[in-house]
1. Only residues in segment 75-89 that are part of a helix (DSSP H, G or I) count as the first member; pair them with residues that are at pLDDT below 65 and surrounded by 12 or more Cβ atoms within 10 Å (Cβ to Cβ), Cβ under 6 angstrom, at least 6 apart or cross-chain, and list the lot.
2. Quick one: in segment 29-44, of everything that is modelled with pLDDT of 95 or more and under 12 Å from the mean Cα position of the chain (by Cα), which residue is surrounded by the most Cβ atoms within 10 Å (Cβ to Cβ)?
3. Is it the case, given these coordinates, that residue 22 is surrounded by 13 or more Cβ atoms within 10 Å (Cβ to Cβ) and assigned to a loop (DSSP other than H, G, I, E, B)?
4. Being modelled with pLDDT of 95 or more and either over 10 Å from the mean Cα position of the chain (by Cα) or surrounded by 11 or more Cβ atoms within 10 Å (Cβ to Cβ) (or both) is the requirement here; does residue 17 meet it?
5. What residue, among those in segment 63-82 that are surrounded by 14 or more Cβ atoms within 10 Å (Cβ to Cβ) and within 13 Å of the chain's Cα centre (by Cα), is nearest to residue 5 (Cα to Cα)?
């Protein structure tokens, strides 16, 4: 089982957004979110619920399952790094 990881969610969202050359302002507008909300998701200080992940995926021009698959991959590849980061941030 894969444990939810808000840092992985944020890294993937930021990476895909930048690959699509979208600013936080544009991406958040397309998703119907405040720019600050998207920024907090990207930096891992806010957890995204399923509805928010769905909105972000659509704003990035992808199906939600594609975004979730990328997040899953990120979690698997960086599991040890994330544990250290969480321990450091307390």
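The values are calculated or read from the model by the stated rules, or taken from the named source; none is laboratory data. Given the structure is predicted, the values throughout are model-derived calculations rather than measurements. Cβ: placed from backbone, ideal geometry, glycine included. Neighbour counts: every protein chain shown.
1. Note: no pairs meet the criteria.
2. Among those that are modelled with pLDDT of 95 or more and under 12 Å from the mean Cα position of the chain (by Cα), it is 38.
3. yes
4. Against the criterion (modelled with pLDDT of 95 or more and either over 10 Å from the mean Cα position of the chain (by Cα) or surrounded by 11 or more Cβ atoms within 10 Å (Cβ to Cβ) (or both)), residue 17 qualifies.
5. Per the criteria, the residue is 75.
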